[in-house]
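Everything on this sheet refers to the single structure shown next.
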């Protein structure tokens, strides 16, 4: 197995990407191919100080981490269109091309996610019967994990798209989370069928008649309480939910830190509570859940957070390796055949530009 | 000032509504008129045990809490349409009618919010130039409070509606929060103008050309960090954000409780941290922020959470009294005249049923 990693993509590239790749190389059975400026990458790989360096020596010796020279970088603020049209190749495009050309089994990038999705959809093309690829993210819940999709690939969607997301989410949950007959729900602002907007109501009708374990509309608390396994939403709402959870936990965290700073007793209390806070932090640590799969394209693509550190990159590579190992693209192709059983909806939608 | 309170509306009505009204009567300069089944209400008011009873005696003696008999109840699951069409009157409808007929200055209900909104919009009618009334909720932030609207009245909106929400939100922030030139933002999944869905992009264009302090798109973290004062969103997204914040804080809270339960040292730590937790809880306590104003109708209507306890009811009445005192409806009428300066947008929207 060979995983192409965009070494130049992300807020902390390539400094954090290289150690992340080295760490991943020690836990996954794959060759990690760092794609980027070979001068910078080799300098980082041959840095002989610290634990990273020792890992580098070991893994390079074993041929587990390699370098492909492609110095062009897609800017974090570059428009997806510009990234597609640029004449000079980029490390990100090279990773996607390697997957397309069979030179790699998966592509991982923490760079400009809009550009990465645009490159993936145009160069790898969608799986047959999938209109819109979706970003699937795992959310920590009280009882385990849930899959939320779309987490941001498609800001405006129709109900057929959400039905396709459901099919892909079920496939993800079955093959990567090992769930049997995962519970599928539409994210909504009320549990009753009649509640919601035009999109969620139309999606409810579609999913209720599909041969899946559809449990109906759920509100955000049901997700975090672990009552459902696969939650579908349009990419705008999915992304808002994701970012609101992150922001709320940060709000709570900052509030506790500020409280501790103003009192010796509270600081002692916090010290005694360290194991509790650590365990919660591990659960809520989005870096651990950093690897979001772009589902619906002909290849494994993992979209990592722009601010990914080495740990997040390691996890993203683990997600990629896991997806390749479970042949998720082929499973997805088979799953979407179920889709043909679903009737089409008729609601109107503004044809709008995507994020 | 006279405030009509739907004593039969809410999960804990009338048991929690009555003490909430009694508590409010002691802090606001108004007559609180409890509308509901007078037998039940008088029984609760003449209960001679406890602090509630003592407050009851004082306030009743002063004529601050009165009872209007109207025993019909709108069910929590009753459709808004059914609530409008029911032949038998209800306590909720009576409250709204009292405002319409000048017998009360404000109506407060913790009952079926869809029915309450339907009653308010049909019986009080919208302020001129307002197409859709919106629910405005105050969100605690690191630096104070922010207004989010719409928090759930309109699941599907057009950009003109969001522009109207902005105008109403500014009026709220100026007159009820005392802010000068409040910062207005569109809730979005990226800060760049080009990011978002069709609705947020069209709204951006409208607001950018309006004579307001528009700061552009914001993501959820900017709200909780206190970077903006008025955030507009369609009622679906606004409601999802609200419920996601609630669910996330509950998730964190439950995680800490579970951690404490399993360790004596952590329990001691939590005891030492009590002031920190209490202060955070007070900030995050949605009961304190329970009174959401329905803006855009010809009357002050406060929509309280269905699960409101006495404290939430007290706060909802305080919000109502504050709104009446600041003559918010008249201020709103004047503010919306600004709207005529805004050009109309052209994007398409599915004409869908409302929540």
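Quick rundown of the values:
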| read-out | value |
| --- | --- |
| Exclusive hit being in contact (Cβ under 8 Å) with a residue 12 or more places away in the chain, over 19 Å from the mean Cα position of the chain (by Cα) and not assigned by TED's automatic domain parsing to the domain that holds residue A:76, set A:155, A:163, A:94 | A:163 |
| Test: residue A:162 is farther than 15 Å from residue A:229 by Cβ and not in a loop (DSSP other than H, G, I, E, B) | yes |
| Test set (1) assigned to a loop (DSSP other than H, G, I, E, B); (2) touching a helix residue (DSSP H, G or I) at 6+ places or on another chain (Cβ under 9 Å); (3) more than 7 Å from chain A (Cβ to nearest Cβ) - residue B:226 fails condition number | (2) |
| Pick from region B:69-91, criterion in contact (Cβ under 8 Å) with a residue 60 or more places away in the chain and under 19 Å from residue B:305 (Cα atoms), ranking: nearest to the chain's Cα centre (by Cα) | B:76 |
| In region A:1-13, the residues that are in contact with a strand residue (DSSP E or B) (Cβ under 6 Å, 6 or more places away or on another chain) and at pLDDT below 95 | A:9 |
| Filter pass, residue B:318 being at pLDDT 90 or above, closer than 28 Å to residue B:153 by Cβ, part of a helix (DSSP H, G or I) and within 14 Å of another protein chain (Cβ to nearest Cβ) | no |
| Criterion violated by residue B:218 - all others in (1) more than 14 Å from chain A (Cβ to nearest Cβ); (2) closer than 15 Å to residue B:149 by Cβ satisfied | (1) |
| Selection count where residues are at pLDDT 95 or above, in a loop (DSSP other than H, G, I, E, B) and either surrounded by fewer than 21 Cβ atoms within 10 Å (Cβ to Cβ) or not assigned by TED's automatic domain parsing to the domain that holds residue A:161 (or both), scope region A:184-218 | 1 |
| Residues of region B:270-310 that turn out to be out of contact with any strand residue (DSSP E or B) (no Cβ under 7 Å at 6 or more places or on another chain), facing chain A (nearest Cβ under 9 Å) and in a helix (DSSP H, G or I), as a count | 9 |
| Total residues in region B:234-269, condition farther than 14 Å from residue A:224 by Cβ and either more than 7 Å from chain A (Cβ to nearest Cβ) or not in a helix (DSSP H, G or I) (or both) | 10 |
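The values are calculated or read from the model by the stated rules, or taken from the named source; none is laboratory data. Fair warning: this is a prediction, and the values are worked out from it, not measured in the lab. Counting neighbours? That spans all protein chains shown, and the Cβs are built from the backbone with ideal geometry, glycine included.
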